[in-house]
1. I need the phi-derived Karplus couplings for region 38-53: 6.51 cos²θ - 1.76 cosθ + 1.60, θ = phi - 60°, integer Hz, Gly and Pro marked x.
2. Going by average Cβ density within 10 Å per residue, which order do the peptides 120-131, 79-90, 62-73 take, highest to lowest?
3. On alpha carbon coordinates alone, what is the Rg over Rh value for region 35-139, Rh being the Kirkwood radius?
4. Just tell me which lysines come within less than 28 Å, Cα to Cα, of residue 42; anything on the same chain fewer than 8 places away is out.
5. Report the gain in length on full extension from residue 112 to residue 126: 0.36 nm times residue separation, minus Cα-Cα distance, nm rounded to one decimal.
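Every read-out reported here was derived from the displayed coordinates using simple, explicitly stated rules and does not represent laboratory data. Computed from a predicted model, the values in this text were never measured in an experiment. In this analysis, Cβ positions are derived from the backbone assuming ideal geometry, glycine residues included, and neighbour counts consider all displayed protein chains.
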Amino acid sequence: MTRTGLRSLGAVLTALVVGFAATLFGCASFGPVTPVAVSDIKEVTGIWKGVLYTKSESEPSYVTLTIREDGSYDVLYTQEPIGTSRGRGKIVVREGRLIIEGERARGVGRVLRDSAGNLTMEVDGTLSDNSTLSAKLSRSN
């Protein structure tokens, strides 16, 4: 094997070891997450912030989701350098999950609690053009 080949192999092995160590550290600090069965929309009202991924875009969007007590919501997407986009819709609780119906998307949200008691929301959905999205949000308030 050439000197360049050994250097490349060394870089790959270093990256794997660092990645493995980061994974172990991440698991140790956050612990397991458990699903939360939502029974009332008021349990999730407030502001949630996180990252949104779509199959049609290579870069993630940053998203702010504001849920009101009546289940209506506003959402703000920000993607650099494109700018911002807004949406709104309605969320209902069904069988412990969040059923989301928006102007340009629909989906299902799940609420999770980590070992420290922090809530996160994972959303999987479909846009009006039939492309898919996923989001991971944390409560902001």
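1. Per-residue couplings from phi come out as 7, 10, 9, 4, 5, 5, 10, 5, x, 9, 10, 10, x, 10, 10, 10 Hz.
2. Working: 120-131: 14.7, 79-90: 11.7, 62-73: 17.3.
Going by the mean number of other Cβ atoms within 10 Å, highest first, we get 62-73, 120-131, 79-90.
3. 0.95
4. 90, 136
5. 2.9 nm
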